[in-house]
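This report concerns only the one structure given below.
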Amino acid sequence: MLVISLFEPWWQLTIGQDFIRINASPIYTNFGLFGDQFTIPLIWALNLITILTFTACGLVMLIYSLVPTKPYAKQLLGFSWKKPLYTVVSFIVLLVVIVLVAGHFGVNIPLNGSATATIPGSWTSGATVSALVSGSFQLSFYFAIAGAALCLAARLYHGHILQPLIKPETIANPTASAATEGLS
Amino acid sequence: MDKVKIALTILSIAIVVAPIAGLAYVYRNNPIGIVLPPQFQDLLGGGGSNGSQSSSQLSQSISHFQMPQAIGQPQYDSATGAFSYPFNFTNPLTSQISINHFSAEVVGENNTPLGDVSIQPINIAPGASGIINATGTLSQSAINQLEAEYQSGNLNISLENVTVNFGGINIQIPQINNIGSLVTGGT
């Protein structure tokens with residue numbers, strides 16, 4: 001998911017015939033204007049945080065998969081399973097908010113599909129500017145959903161199947177167990 | 001288990017703090033650069049993100065933008081009232097410019113209707129120049145008036161109901177005033 005997202009955005013917005021292009025994803029966001037590509041440094045930093053987070057989650061999940069019955073396995077799982085899901089949900093919510101805010105100002109931005117957006121004349125000194133706007137979710141977005149679903153499945157698998165297999169004495173305080181054995 | 005929890009917490013904090021701290025350090029001399037891309041800083045004349053001079057493609061494109069330049073003299077057919085006036089335009093962008101439609105009504109002083117003007121669809125490759133041939137119809141009286149003004153170098157014409165379609169974007173402008181300098185090639 002991370003590798004694919006580095007090369008393909010989760011959501012793409014095109015205004016006109018590639019006049020303006022917005023490639024949006026938590027991994028990499030950039031803007032195209034008149035064929036020139038640019039990024040906003042703050043957004044780039046946030047993207048880097050997401051990349052590092054996903055990388056850490058992947059490595060921790062990998063470690064968890066090797067030691068699923070260890071007492072610290074649940075903490076490893078707890079660190080890694082939530083973040084992809086939260087990222088996907090947050091991204092969708094952010095997109096919806098942006099679309100709703102734009103709609104409030106009279107600019108119609110489709111999440112998935114095409115529409116004609118008209119900029120209010122008050123913004124353009126009386127001129128009427130309209131353009132074909134196309135929004136689409138890319139393949140990497142669906143990979144992200146699949147990845148988040150798998151993380152959720154791992155959590156459920158741990159809770160319902162793996163947890164009963166973990167020995168009780170390994171969960172309890174080992175020093176307390178040793179003291180009890182010494183007294184007896 | 002506490003050690004694992006502490007380690008994961010420290011890892012989470014480091015992942016968030018490190019990029020932000022790095023960004024703040026890189027842009028410590030240019031805090032506005034954190035939210036304003038270098039390309040737009042160039043446009044605003046602020047130079048590069050670290051104070052050094054840099055020129056993005058966008059800023060170069062904008063700096064190389066020139067209004068269409070009239071070529072030669074307009075041609076007029078008094079029998080039909082048809083005229084044509086070629087302009088030369090150089091595409092400063094890194095992508096092709098496609099003008100699918102342009103039409104407008106020509107008005108003179110006091111918004112007196114003189115005729116209409118349009119151009120044929122044209123595609124201009126990046127960095128290339130293209131000939132935009134403005135054609136339309138003008139009445140003889142309009143021609144006489146415009147010719148007198150043209151000779152005096154003070155051409156007083158405006159465009160009304162301008163409709164432009166390019167690159168999938170449609171623009172309708174109620175009026176563009178004083179385009180005489182464009183037609184005469186003056187400043």
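For the reader, a short list of remarks on this structure follows.
- Helices in chain A that qualify as membrane-span-like (whole DSSP H runs, Cα extent of at least 30 Å along the helix axis, mean Kyte-Doolittle hydropathy of -1.0 or higher) are A:41-66, A:73-104.
- Each peptide in B:75-84, A:24-33 receives the mean, over its residues, of other Cβ atoms within 10 Å, and ordering these scores from highest gives A:24-33, B:75-84.
- Counting only other chain Cβ atoms within 10 Å of each residue's Cβ, the peptide B:10-17 averages 4.
- Scattering from segment A:98-147 was approximated by placing one identical point on each alpha carbon and applying the Debye formula without solvent; log10 I(q)/I(0) at 0.32 1/Å stands at -1.12.
- Shielding of peptide B:168-177 by partners, expressed as the average count of other chain Cβ atoms within 10 Å per residue Cβ, is 6.
- Number of partner chain Cβ atoms within 10 Å, mean per residue of A:135-146: 0
- Counting 0.36 nm for each residue step from residue A:112 to residue A:66 and taking away their Cα separation leaves a gain of 12.6 nm.
- In terms of Cα atoms, the Rg and Dmax of chain A work out to 23.6, 91 Å.
- Here the ratio of the Cα radius of gyration of segment A:20-124 to 2.2 N^0.38 Å is 1.48.
- Peptides A:106-112, A:50-56, A:122-128, B:94-100 ordered by average Cβ neighbours within 10 Å, highest first: A:50-56, B:94-100, A:106-112, A:122-128
Read-outs throughout are calculated quantities, based only on the coordinates presented, and are distinct from any laboratory measurement. Just so you know, these numbers come straight off a predicted model, no measurement behind them. As a convention, Cβ positions derive from the backbone with ideal geometry for all residues, glycine included, and neighbour counts pool all protein chains shown.
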